[in-house]
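S.K.: Here you go, one structure.
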Amino acid sequence: MVKVEIVELKDKYGKLRISETNPYFVNALRRTMMSEVPKLAIEDVIIYDNTSSLFDEIIAHRLGLIPLPTDLKLLVPREECTCNGQGCPNCTVRYTLSREEPGVVYSGDLQPENEKWKVVDPNIPIVELFEGQRLILEAEAILGKGREHAKWQAVNAPAYKYYPVIDIDHSKLDEDAVKKVIDACPRNVFTEKNGKLTITDIEKCSLCKSCMEVVEEGAINVKGDDTKFIFTFETDGSLSAKEVLIEAAKILENKYKELAKLLK
Ligand SMILES: [Zn+2]
């Protein structure tokens, strides 16, 4: 039975300790988070007027990458919607942007049809307008998945590392060697207590083995436990870390169920 402990769960950042499992499962969770969890992003842009220094395509591309708040309970993917791809309020969120005065146009200038869809970060620059230039457009956002386009990727750099295991043979470490080890570790994993080498925070260890190189063979042994992992991920703000984690777990569960059914 896989054991998951939540080490840290902030709005946009999560850190988990996953044990009694294997690298394949943890990697499946990582890949699901990246490519299967849906989020909202701008897909279609109708440009009414653009006299800025950037081409329409570049502006549309930049709009696509702006994180939008995603409520997976309210929206359905357009291809599964009862409107048959027409674009209705159940599958589509509309924004307008209209700027005529000089200055930088920011993501916050995108006006949603409903305040609840207000962009997550209003300070992302889109284009700078000079005297006499205008940008007027309409944009439609829909749900999509990271495997179709990176703009629909809800997380940045989900990663895992093997849980560190450090064995110390104190009989092979004199005072001088203890000092060397403490200095050699780039993550400050070790300290000295009553003349002995002690570990302060094992989770800081990156398995670089620098400590093993400065002592005699067998004094310290660092290895990774392939049944226990530290998993970290960060979202772009479209979904909270908790939402991404729950959604990814649901998707994985369904995939395993389907596989089990097919095997029968
Ligand atoms: Zn629809």
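The values are calculated or read from the model by the stated rules, or taken from the named source; none is laboratory data. Just so we're clear, the structure is a prediction, and the values are computed from it rather than from any experiment. Heads up, the Cβs are rebuilt from the backbone with ideal geometry, glycines too, and the neighbour counts pull from every protein chain shown. Ligands, DNA and RNA are excluded from the accessible area calculation, which covers all protein heavy atoms including side chains. Shrake-Rupley method; radii C 1.70, N 1.55, O 1.52, S 1.80 Å.
S.K.: Not counting ligands, DNA or RNA, and with a 1.4 Å probe, what is residue 199's accessible surface area in Å² rounded to the nearest 10?
M.R.: Approximately 60 Å² for this residue.
S.K.: Ignoring everything except DSSP H segments at least 4 long, calculate the 222 nm mean residue ellipticity for the chain; use -39,500 (n - 2.57) per segment, divide by total residues, nearest 500.
M.R.: For the chain, the value works out to -7000 deg cm²/dmol.
S.K.: In 10 Å bins starting at zero, report the fraction of Cα pairs in the range 9-158 per bin as a rounded %.
M.R.: Once binned at 10 Å, the Cα pair distances of the range 9-158 give 11, 35, 30, 17, 6, 1, 0.
S.K.: How much length is gained if the chain between residue 183 and residue 254 is pulled fully straight, taking 0.36 nm per residue apart and subtracting their Cα-Cα distance, in nm to one decimal?
M.R.: In short, 20.7 nm is gained.
S.K.: Treat each spin label as a single point 7 Å out from the Cα along the C-beta direction, and report the residue 156 to residue 206 distance in nm.
M.R.: 1.8
S.K.: In nm², what is the average projected area of the convex hull enclosing the Cα atoms of the range 55-94?
M.R.: Computing the convex hull of the Cα atoms and averaging its projections yields 3.4 nm².
S.K.: Quick test of your reading: applying the under-4.7 Å Cβ rule, which cysteines of the chain are isolated?
M.R.: Isolated Cys, the chain: 185, 205, 208, 211.
S.K.: How long, wide and thick is the range 54-135, going by the Cα atoms along their three principal axes, in whole angstroms, largest first?
M.R.: 45, 22, 18
S.K.: Of 62, 147, which has the most accessible area and how do the rest follow, probe 1.4 Å?
M.R.: Heavy-atom accessible area, descending, gives 147, 62.
S.K.: Running Debye on the range 172-240 with equal point scatterers at the Cα sites and no solvent, what base-10 log of I(q)/I(0) appears at q = 0.15, 0.19, 0.26 Å⁻¹?
M.R.: Calculated log10 I(q)/I(0) at the listed q: -0.55, -0.77, -1.22.
S.K.: Grab every C-alpha pair in the chain, bin the distances at 5 angstrom width from 0 up to the longest one, and report whole percents.
M.R.: With 5 Å bins starting at 0, P(r) equals 1, 6, 11, 12, 11, 11, 10, 8, 8, 7, 6, 5, 3, 2, 1, 0.
S.K.: Here is a further query. Between residue 217 and residue 13, how high is the FRET efficiency from 1/(1 + (r/R0)^6) when r is the Cβ-Cβ distance and R₀ = 51 Å? Nearest 0.05.
M.R.: 0.80
S.K.: Shifting gears a bit: Per-residue accessible area for residue 161 at 1.4 Å probe radius, Å² rounded to 10?
M.R.: 60
S.K.: Calculate, in nm to one decimal, what residue 22 and residue 199 gain on full extension: separation in residues at 0.36 nm each, minus their alpha carbon distance.
M.R.: That works out to 61.2 nm of additional length.
S.K.: How many angstrom separate the Cα center of the range 120-134 from the Cα center of the range 137-196?
M.R.: 38
S.K.: Also, I was wondering about something else. In degrees between 0 and 90, to the nearest 10, how far off the longest principal axis of the chain does helix 23-35 point, with axes built from Cα atoms?
M.R.: Helix 23-35 sits roughly 20 degrees off the main axis of the chain.
S.K.: Can you put 36, 131, 234, 258 in order of accessible area, largest first, using a 1.4 Å probe?
M.R.: Final ranking, largest accessible area leading: 131, 258, 234, 36.
S.K.: Next up: Whole Å is fine, so just give me how far the alpha carbon centre of the range 12-31 lies from that of the range 47-93.
M.R.: 31
S.K.: Additional query: Keeping all protein chains in position, work out how much accessible area residue 99 exposes to a 1.4 Å probe, and write it in Å² to the nearest 10.
M.R.: 30
S.K.: Separate question: What is the ratio of the Cα radius of gyration of the range 11-81 to 2.2 N^0.38 Å, with N the residue count, to two decimals?
M.R.: Cα Rg divided by the expected 2.2 N^0.38 Å: 1.63.
S.K.: At a threshold of 8 angstrom on Cα-Cα distance, excluding pairs fewer than six apart, so keeping six or more, what relative contact order does the range 97-186 reach in percent?
M.R.: Over the range 97-186, the number comes to 24 percent.
S.K.: Report the relative contact order of the chain, percent, no decimals, based on alpha-carbon pairs under 8 angstrom and at least 6 residues apart.
M.R.: 28
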